[in-house]
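Contents: one structure, followed by commentary.
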Amino acid sequence: MMKLKSNQTRTYDGDGYKKRAACLCFRNESEEEVLLVSSSRHPDRWIVPGGGMEPEEEPSMAAAREVCEEAGVKGTLGRLVGIFENRDRKHRTYVYVLIVTEVLEDWEDSVNIGRKREWFKIEDAKEVLKSHKPVQASYFETLRQGCLANNGTPVMTTSYTDSNESSFSDIR
């Protein structure tokens, strides 16, 4: 299913959830520092870069496109961390690891909406995300737990509701 927004087409899965993709953008392979961007709705808050998938777009390609637009970085796309579900907003987000190899001086969202970016230590990133983006804060827990099968297939998804309680469901 698709819906047109003023400047984009939104895509939905069979359950009516908006299809999204995002990346945990790390400064290097040690995965100790992650890049967050300012929210377009709340410029004083930090978020993980990501957004809606376009029709026929693969999740990995959408993730790379979104981080280039929102964070102004390019890099080596790595493993799928997981598929995260936000029941309140009806989103399902594919989250990947990206090792940054290029940082653009000017990028789409910096020019168009004044978006900022900043490197954070993992613990600091979790702290700034947990109050307003608990689903995004959970990306780091799943990253560390390594919830992927050996062949790279996600074996669980995390679901969140307003109560911030998570539930895991097998998606094999």
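Below are the figures for this structure:
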quantity: Residue satisfying condition, being in contact with a Cys (Cβ under 8 Å, 6 or more places away or on another chain) and open to solvent by 30 Å² or more (accessible area, probe 1.4 Å), within set GLY50, GLY75, GLY14; calculated: GLY75
quantity: Meets criteria (in a loop (DSSP other than H, G, I, E, B) and closer than 14 Å to TYR139 by Cα) for GLU31; calculated: yes
quantity: Some residue of segment 97-113 being assigned to a strand (DSSP E or B) and within 21 Å of LYS19 (Cα to Cα); calculated: yes
quantity: Residues of segment 23-47 classified as of a type in the set (Asp, Glu) and open to solvent by 60 Å² or more (accessible area, probe 1.4 Å), total; calculated: 3
quantity: Residues (open to solvent by less than 50 Å² (accessible area, probe 1.4 Å) and either modelled with pLDDT of 95 or more or over 19 Å from SER40 (Cβ atoms) (or both)) located in segment 86-95; calculated: ARG92, THR93, VAL95
quantity: Tabulated pairs, segment 118-134, first open to solvent by less than 40 Å² (accessible area, probe 1.4 Å), second in a strand (DSSP E or B) and among the β-branched types (Val, Ile, Thr), C-beta under 7 angstrom, 6+ apart or interchain; calculated: PHE120/VAL34; ILE122/VAL34; ALA125/VAL34
quantity: Pairs where the first residue, in segment 37-52, is free of Cβ contacts under 8 Å to residues at least 12 places away in the same chain and more than 14 Å from ASP109 (Cα to Cα) and the second is aliphatic (A, V, I, L, M) and part of a loop (DSSP other than H, G, I, E, B), C-beta under 8 Å, 6+ apart; calculated: none
quantity: Hits in segment 16-28 - residues which are over 12 Å from the mean Cα position of the chain (by Cα) and either free of Cβ contacts under 8 Å to residues at least 60 places away in the same chain or under 16 Å from GLN136 (Cβ atoms) (or both); calculated: LYS18, PHE26
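To keep it simple, each residue is scored yes or no on (1) open to solvent by 50 Å² or more (accessible area, probe 1.4 Å); (2) in contact with a Lys or Arg (Cβ under 6 Å, 6 or more places away or on another chain); (3) part of a loop (DSSP other than H, G, I, E, B).
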{"residue": "GLU56", "(1), (2), (3)": "yes, no, yes"}
{"residue": "GLU66", "(1), (2), (3)": "no, no, no"}
{"residue": "ARG79", "(1), (2), (3)": "yes, no, no"}
{"residue": "PHE84", "(1), (2), (3)": "no, no, no"}
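The values are calculated or read from the model by the stated rules, or taken from the named source; none is laboratory data. Everything numeric in this text was worked out from a predicted model, so none of it was measured. Glycine also receives a Cβ, built like all others from the backbone with ideal geometry; neighbour counts cover every protein chain displayed. Heavy atoms of the whole protein, side chains included, go into the accessibility calculation; ligands, DNA and RNA do not. Shrake-Rupley method; radii C 1.70, N 1.55, O 1.52, S 1.80 Å.
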